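Asker: Below you'll find the structure I mean.
The values are calculated or read from the model by the stated rules, or taken from the named source; none is laboratory data. Quantities reported herein were computed from a predicted structural model and do not represent experimental measurements. Glycine also receives a Cβ, built like all others from the backbone with ideal geometry; neighbour counts cover every protein chain displayed.
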Amino acid sequence: MKKLQIGVMGSAADLNYKKKIEEAAEKVGELIAKSGNITVYGAEKDYDSLSTAAARGAKKAGGITVGVTYGKGNEIYDKENTDITIVTGLERGGGREFVLVNSCDAIIALSGGSGTLTELAIAYQLDIPMIVIRGSGGWSDKLSDSYFDERKRRKVIGVNTPEQAVEIAIINAKETLINKQNLAIERREVK
């Protein structure tokens, strides 16, 4: 199976998250790298974030990182911890987030403001597994173990640790990929 592209979403520095939440984000990136998979994150141009912390953790563990940024140009806040920069040419607040989430096989969120909420909603619409770390604050706590709407397409899975988040993200991403492959095979056979 291909390397999984696991997105890490979370609060930007202007939401003043605690150091222990930043350390949890770094641990998530480290664990993704150690699992042999790729960390995908929202590369900010102007300040730090929990997503950027995950990229730092992944690079410290020798992993591959992909930063999806907004606007034009590939100058980002944390260039030294980003292997591949995807410049969307789109603005922050919807366009960039769609490209970011659509590039992931699963996403893990910590805390989170309106951008993280947008990313989780897009993941729900695209049927991408969503894992949130409980106790990290923001939308992660508000959405833990719930559905976005009454369709109940996919539950936001709440976990307590970075280790659980990465393990469950990998399991759910693999299951989803297998299900999508089987559906594609069935569709070909029907034709």
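Asker: Which of the residues spanning segment 1-22 are closer than 19 Å to LYS142 by Cα and in a loop (DSSP other than H, G, I, E, B)?
Answerer: Correct list: SER11, ASN16, TYR17, LYS18.
Asker: Which of the following residues is closer than 19 Å to ILE6 by Cβ and either touching a residue at least 12 places away in the same chain (Cβ under 8 Å) or of a type in the set (A, V, I, L, M) (or both): GLY94, GLY89, GLY73, GLY115?
Answerer: None of the others qualify; the one that does is GLY115.
Asker: Can you give me the number of residues within segment 57-104 that are in a helix (DSSP H, G or I) and closer than 10 Å to THR39 by Cβ?
Answerer: 4
Asker: Another question about this same structure. I need the full set of residues from segment 157-183 which are assigned to a helix (DSSP H, G or I), surrounded by 12 or more Cβ atoms within 10 Å (Cβ to Cβ) and not charged (D, E, K, R), in order please.
Answerer: Across segment 157-183, the qualifying residues are PRO162, GLN164, ALA165, VAL166, ILE168, ALA169, ILE170, ILE171, ASN172, ALA173, THR176, LEU177.
Asker: Here's a follow-up. Select from segment 114-153 the residues that are closer than 19 Å to ASP14 by Cα and assigned to a helix (DSSP H, G or I) and list them in ascending order.
Answerer: SER114, GLY115, THR116, LEU117, THR118, GLU119, GLY138, TRP139, SER140, ASP141
Quick grid of which residues meet (1) at pLDDT 95 or above; (2) more than 15 Å from ILE131 (Cα to Cα); (3) of a type in the set (Val, Ile, Thr):
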{"site": "GLY10", "(1), (2), (3)": "yes, no, no"}
{"site": "TYR17", "(1), (2), (3)": "no, yes, no"}
{"site": "LYS20", "(1), (2), (3)": "yes, yes, no"}
{"site": "GLU26", "(1), (2), (3)": "yes, yes, no"}
{"site": "GLY29", "(1), (2), (3)": "yes, no, no"}
{"site": "ASN37", "(1), (2), (3)": "yes, yes, no"}
{"site": "THR52", "(1), (2), (3)": "yes, yes, yes"}
{"site": "ALA55", "(1), (2), (3)": "yes, yes, no"}
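Asker: Right, another one. Take the residues in segment 43-72 that are under 17 Å from LYS20 (Cβ atoms) and in contact with an Asp or Glu (Cβ under 8 Å, 6 or more places away or on another chain), then tell me which one is surrounded by the most Cβ atoms within 10 Å (Cβ to Cβ).
Answerer: The selected residue is ALA54.
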